[in-house]
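Here the structure is laid out as structure tokens; the discussion comes afterwards.
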Number of protein chains: 8
Amino acid sequence: MQLNVYLSGEIHTDWRDQIIQACQMLDLNIVFSSAVTNHDESDSAGDLLKQANTDEGQGYWRDHRSAKINAMRTKTLIEACDIAVIRFGDKYKQWNAAFDAGYCAALNKPYITLHSEDIIHPLKEVDGAAHAWATDVRQVVETLRYLLK
Amino acid sequence: MQLNVYLSGEIHTDWRDQIIQACQMLDLNIVFSSAVTNHDESDSAGDLLKQANTDEGQGYWRDHRSAKINAMRTKTLIEACDIAVIRFGDKYKQWNAAFDAGYCAALNKPYITLHSEDIIHPLKEVDGAAHAWATDVRQVVETLRYLLK
Amino acid sequence: MQLNVYLSGEIHTDWRDQIIQACQMLDLNIVFSSAVTNHDESDSAGDLLKQANTDEGQGYWRDHRSAKINAMRTKTLIEACDIAVIRFGDKYKQWNAAFDAGYCAALNKPYITLHSEDIIHPLKEVDGAAHAWATDVRQVVETLRYLLK
Amino acid sequence: MQLNVYLSGEIHTDWRDQIIQACQMLDLNIVFSSAVTNHDESDSAGDLLKQANTDEGQGYWRDHRSAKINAMRTKTLIEACDIAVIRFGDKYKQWNAAFDAGYCAALNKPYITLHSEDIIHPLKEVDGAAHAWATDVRQVVETLRYLLK
Amino acid sequence: MQLNVYLSGEIHTDWRDQIIQACQMLDLNIVFSSAVTNHDESDSAGDLLKQANTDEGQGYWRDHRSAKINAMRTKTLIEACDIAVIRFGDKYKQWNAAFDAGYCAALNKPYITLHSEDIIHPLKEVDGAAHAWATDVRQVVETLRYLLK
Amino acid sequence: MQLNVYLSGEIHTDWRDQIIQACQMLDLNIVFSSAVTNHDESDSAGDLLKQANTDEGQGYWRDHRSAKINAMRTKTLIEACDIAVIRFGDKYKQWNAAFDAGYCAALNKPYITLHSEDIIHPLKEVDGAAHAWATDVRQVVETLRYLLK
Amino acid sequence: MQLNVYLSGEIHTDWRDQIIQACQMLDLNIVFSSAVTNHDESDSAGDLLKQANTDEGQGYWRDHRSAKINAMRTKTLIEACDIAVIRFGDKYKQWNAAFDAGYCAALNKPYITLHSEDIIHPLKEVDGAAHAWATDVRQVVETLRYLLK
Amino acid sequence: MQLNVYLSGEIHTDWRDQIIQACQMLDLNIVFSSAVTNHDESDSAGDLLKQANTDEGQGYWRDHRSAKINAMRTKTLIEACDIAVIRFGDKYKQWNAAFDAGYCAALNKPYITLHSEDIIHPLKEVDGAAHAWATDVRQVVETLRYLLK
């Protein structure tokens, strides 16, 4: 049994690496995937498609162009994954993480949320459709280990 | 032509009523729906199902129980709608609004976002999958009027 | 807002009538449906299709023939409902109720389970995929009333 | 031709091992999968996610948490299988087995039931949606052998 | 409860009328539909689209053109029906009836076959995916009456 | 029997009105729908959503914004229709008509193409997935009349 | 590019072997599959599941039991194939072949029919949903070779 | 991470080879696919299936027969791809490219359009459903490189 696990959400801490390394040490048969997690690269993903004659270097359309390029990757990976882990940190809006959770829910695809206790209430809809809630990386890893028994 | 329009997101201002009333004045053939928008009722939706023998009056499981009851309504209405309008205000986390957007996107169901310019960047993934972005209620109403021409 | 609610499970008590009458008294906009709940009629549904030349008056094939006729009704109604209420009583195997729950889960269709506390453990998978668990009819009615607010 | 076969149901006898070993001796090209079948591990799957501040060591929410973790595995495997074998023994409620059968039926995925003659009647809905009914392991193995000819 | 019932197959006897009239006398809430059952009209459905410059008055392409026009109607009605009744008579190939049965089966849509005992064997795959087999019109009507109880 | 018919393609001649009027004279039970067919309105659909601070009055993003608003209407109507009629005239690129044809084909939704003989070859892929090809409005009307017999 | 090709229909001539051998000689990258084509084995597929206490050695239920076992194989293979070839010979009813064609059509899965000119008319609905019609094995092989260019 | 990329549209320039070679030089893990791009072979794909007795050497039915054979390949490859690149050149009608775009859109499958600025307006519906628009091959390659980071 192999699992494809998509890691969604916060990009400012190294939680992805922690999960991946712990699972490797346990020799779990998991293929991990995620969005491009370099913030600057992600924001400027669409800049090379900038149109010569329009003033779109900043603002809505610049973001729009980058977001849609990133969506080509994230849609493909989410639809191919078995399980997602969706991380909410303590900074920024992180609406993309909640968006991914809704996307998974509509596809009937299970996900684990990873966040601290102090944001239980605002995340109640996201947690309500989740299959598990973890507060730290170790719990996620233990859950994945259990799933692969 | 009739449209079923789901109104998702912010519950602390009267944007829903403004849209509904403006559309009624224009005599547009639209059936509107939304989650239960009374904050206290929504939070306590599951309290009547409280188990006698467990200490779940507060915390994760209380929220969980309410969130899943609310989801029975929101899932049903989102899946039945033609178009959603998803509002992000300037307060609170509003992860449920982003969750609804992801849910719509996975179902290939069009939605309009409604938010001010200052949150373009954190909403870029949500806007990237939207069919339109409006900054005020009037623009939403005009767009709905156009769609029903 | 109207709800189509399918009532699945136990046929030896009048829980269906209790729910329907209570909802009517509250004037809730709900269309209820269910399997044929007369036990003898349900068991003999296929007898009129009995083949002249085979000994199938009893046993597997008699049950099979009736079960598939009943399934034409239940499949149609479950696929058309918005929400199911699935009742487990204290007698009989009631595997058909659990089957309906699995059917709903695979279709991503929300359901409420209705059962007493003493069978929480054997129903944990069925409850795990449910949107709510109620222990009495009044709780179901209150939940439906809330959903239609 | 390779088959992915999911083995669902009873965990108190060694019917899974019997099928797997017999198929290996016949050199059949089958990948078998199943839920975690260790009863204690399965029941306590969610304990490591226990919340510090709530009294959920027992009862509904403990079962709920474990059931949803187990569902991440079973959903993934059932959706990936070609055929399921669903076993009903002579003890316990086994509602999870009937739930899996309903899940398969809704996905239009064929399954074989495995049970003795004395529970034909209560299983008639589950058998009505099955592609075959076997009374012993040998019949299941012979059927799988035939399917791979 | 209302049923949409599609009547497929044999067009050389009046079995459709018999079913419709019997159901009307019983006041059953059924909307019946079917292909165009006038043989000549059906065969020549595409003639008005005949191309001026090609010799397609007869043969494969004439049949092809008519078949695809008829398919617009039959596809639409089959996909909208709740249940199909599929009749095999004692004359002609009737491959279109078997085609409709396969179409229903793939959509997980229940159907009743209606045919005499002497063609059980060649129809075994079609009957294998059916929810019921009837040998005369009366049995079909009784089954429909039961389904609407 | 009622048909929902979506009329896609050319907006510079009155073929839509001709079909609608002819069907009305024949008293056919058809609900017609289409995109907004006023060229200027369609092109400027998104202008009211123009952002204050960006130079997007012309070019790609202006078109993009309008196209996505129009798509909210066309997607909704195409997904709700039973049959589409897709018209290719002798002017302009008309890629949106071919796009609608591909959209219908992927949804397994039948459509009739309406175009003259001189563009048979470049339309061969579009016609290859069509259920009928008509060269004039009268043929379309006759086909619709036949479908509703 | 690899193709999975399902070979459906007539089992009394060696057309399957002819196609497979010709494709092997051309070194085409195709994985072929089919039902169990030994007539006696296919008819008796379910005999090992015969119930001790019922008289079902012959007739409807014997056929039914075998047909559903065979369906486990054919459903799995048809749903996994890219393209089907469906052969109609000059003997027997061959309703199973037409059933498979309908199954493919509902899944939007392309198929090639293989039959002589004298049965064009009774096969017009089956051909109407096909992507190609061939009259001999050589044409099928050439078509497959073209598809893999 | 591997991507399956379908290259659709213009067949008169070597844009496919340019993309494939550039991606190979960058060692990107991409499997490319496309329709048969030899114009004459594509047009005559169905000629070997020509019927002896009908005059279909030219015209609608010849094109129809070839188009449906080509569709077996293109449908299979589009449904299997992760991302499509759809190229519009400056010659010919290229309705098949727009058809492929619509097909992708209905399947919720992302695509990149590749065309010059002078056809922005007639392609606005096709671009409106796209995830990116590129004006030259280099931009496509850079986008693919980014997606595989």
Taking E:Ser33 as the residue in question, decide whether it is in contact (Cβ under 8 Å) with a residue 24 or more places away in the chain, under 24 Å from F:Ile30 (Cβ atoms) and at the interface with another protein chain (Cβ under 9 Å from one of its Cβ atoms). yes
Kindly indicate which of F:Tyr92, F:Tyr111 is of a type in the set (Ser, Thr, Tyr) and open to solvent by 10 Å² or more (accessible area, probe 1.4 Å). F:Tyr92
When the stretch D:113-124 is checked residue by residue, the ones that are part of a loop (DSSP other than H, G, I, E, B) and either under 16 Å from the mean Cα position of the chain (by Cα) or at the interface with another protein chain (Cβ under 7 Å from one of its Cβ atoms) (or both) are D:His115, D:Ile120, D:His121, D:Pro122, D:Leu123
So which residues in the stretch B:74-97 are out of contact with any Gly (no Cβ under 8 Å at 6 or more places or on another chain) and either free of Cβ contacts under 8 Å to residues at least 12 places away in the same chain or in a helix (DSSP H, G or I) (or both)? B:Thr74, B:Lys75, B:Thr76, B:Leu77, B:Ile78, B:Glu79, B:Ala80, B:Lys93, B:Trp95
Evaluate the following for F:Ile119: is it crowded, with 22+ Cβ neighbours inside 10 Å and of a type in the set (A, V, I, L, M)? no
In the stretch C:1-19, residues that are surrounded by fewer than 19 Cβ atoms within 10 Å (Cβ to Cβ) and either within 14 Å of chain E (Cβ to nearest Cβ) or of a type in the set (D, E, K, R) (or both) total 3
Tell me the residue from A:Arg62, A:Arg145 that is under 21 Å from D:Asp43 (Cα atoms), open to solvent by 20 Å² or more (accessible area, probe 1.4 Å) and not small (Gly, Ala, Ser), please. A:Arg145
Only one of (1) within 22 Å of G:His121 (Cα to Cα); (2) touching a residue at least 12 places away in the same chain (Cβ under 8 Å); (3) surrounded by 13 or more Cβ atoms within 10 Å (Cβ to Cβ) is not met by E:Cys23, so which one is it? (1)
For the stretch D:125-140, enumerate the residues that are open to solvent by less than 20 Å² (accessible area, probe 1.4 Å) and either over 21 Å from D:Gln18 (Cβ atoms) or over 16 Å from the mean Cα position of the chain (by Cα) (or both). D:Val126, D:Asp127, D:Gly128, D:Gln139
Has the stretch A:125-133 got at least one residue that is farther than 21 Å from H:Lys109 by Cβ, facing another protein chain (nearest Cβ under 8 Å) and among the aromatic types (Phe, Trp, Tyr)? yes
Could you please give the count of residues in the stretch E:1-15 that are within 8 Å of the chain's Cα centre (by Cα) and among the aromatic types (Phe, Trp, Tyr)? 1
Checking E:Glu142 against (1) within 19 Å of E:Gln2 (Cα to Cα); (2) in a strand (DSSP E or B); (3) at the interface with another protein chain (Cβ under 7 Å from one of its Cβ atoms), which test does it fail? (2)
Filtering the stretch H:37-49 down to residues that are closer than 12 Å to H:Ala67 by Cβ and in a loop (DSSP other than H, G, I, E, B), which residue is most open to solvent (accessible area, probe 1.4 Å)? H:Ser44
Selection count, the stretch F:68-79, where residues are open to solvent by 20 Å² or more (accessible area, probe 1.4 Å) and more than 9 Å from chain B (Cβ to nearest Cβ): 1
Pairs where the first residue, in the stretch H:98-112, is part of a loop (DSSP other than H, G, I, E, B) and the second is open to solvent by 10 Å² or more (accessible area, probe 1.4 Å) and at pLDDT 95 or above, C-beta under 6 Å, 6+ apart: H:Leu107/F:Ala106; H:Asn108/B:Asn108; H:Pro110/H:His131
Please verify whether E:Asp82 is open to solvent by 20 Å² or more (accessible area, probe 1.4 Å) and within 7 Å of another protein chain (Cβ to nearest Cβ), treating the condition exactly as stated. yes
Residue hits (the stretch H:95-108; more than 14 Å from the chain's Cα centre (by Cα) and open to solvent by 20 Å² or more (accessible area, probe 1.4 Å)) are H:Leu107, H:Asn108
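The values are calculated or read from the model by the stated rules, or taken from the named source; none is laboratory data. The model shown is predicted, which means the values in this text are computed figures rather than measured ones. Cβ: placed from backbone, ideal geometry, glycine included. Neighbour counts: every protein chain shown. These accessible areas exclude ligands, DNA and RNA; they are computed on the full protein's heavy atoms, side chains included. Shrake-Rupley method; radii C 1.70, N 1.55, O 1.52, S 1.80 Å.
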